[in-house]
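K.L.:
This is the structure, below, for whatever I ask next.
The values are calculated or read from the model by the stated rules, or taken from the named source; none is laboratory data. The structure presented is a predicted model; accordingly, all values stated were derived computationally and were not measured. So basically every Cβ, Gly included, is an ideal-geometry build from the backbone, and we count neighbours across all protein chains shown. Protein only, heavy atoms only, side chains kept; ligands, DNA and RNA dropped before computing areas. Shrake-Rupley method; radii C 1.70, N 1.55, O 1.52, S 1.80 Å.
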Amino acid sequence: MKKRYSIKAQIAEVRRQHSMMRGVYPKMIEAGHLDRNTADCDLALMAAAAADTLEWLERNQARIKAALAP
């Protein structure tokens, strides 16, 4: 059976990854391994995954469960 992770754990991991990316990406851009547009897009997507999706799901968890209940 596949392990399930709580929404809180997922949010924490996405935030951790986003923070790490913000520290690493400038060095990668400077070294020519990543272009700024890609880095900006990646960072925006990671921030959106946390704020727009996972945090919304966390806030609305009870309502979603109620709507899906038989």
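K.L.:
Provide the per-residue ³J(HN,Hα) series for region 60-70, in order, calculated from phi with Karplus coefficients 6.51, -1.76, 1.60 and θ = phi - 60°, each as a whole number of Hz, with x at glycine and proline positions.
P.N.:
10, 4, 5, 5, 5, 4, 5, 5, 8, 5, x
K.L.:
If Lys and Arg each add +1 and Asp and Glu each add -1, what is the summed charge of the other residues whose beta carbon sits under 11 Å from the beta carbon of Arg36?
P.N.:
On the way: positive: none; negative: Glu30, Asp35, Asp40, Asp42.
Once positives and negatives cancel, what remains is -4.
K.L.:
Summarise the accessible area of the chain (1.4 Å probe, protein heavy atoms) by the percent that is carbon and sulfur.
P.N.:
Numbers: 3360 of 5680 Å².
Reported share for carbon and sulfur atoms: 59 percent.
K.L.:
Can I ask one more? Considering only the other residues whose Cβ falls under 15 Å of the Cβ of Thr53, what net charge follows from Lys and Arg at +1 and Asp and Glu at -1?
P.N.:
Working: positive: Lys8, Arg15, Arg59; negative: Glu13, Asp52, Glu55, Glu58.
Within the 15 Å Cβ shell, the charges total -1.
K.L.:
Another one. Can you work out ³J(HN,Hα) from phi for every residue in region 42-47, in order, using Karplus 6.51 cos²θ - 1.76 cosθ + 1.60 and θ = phi - 60°, giving whole Hz and x for Gly and Pro?
P.N.:
4, 5, 5, 5, 5, 5
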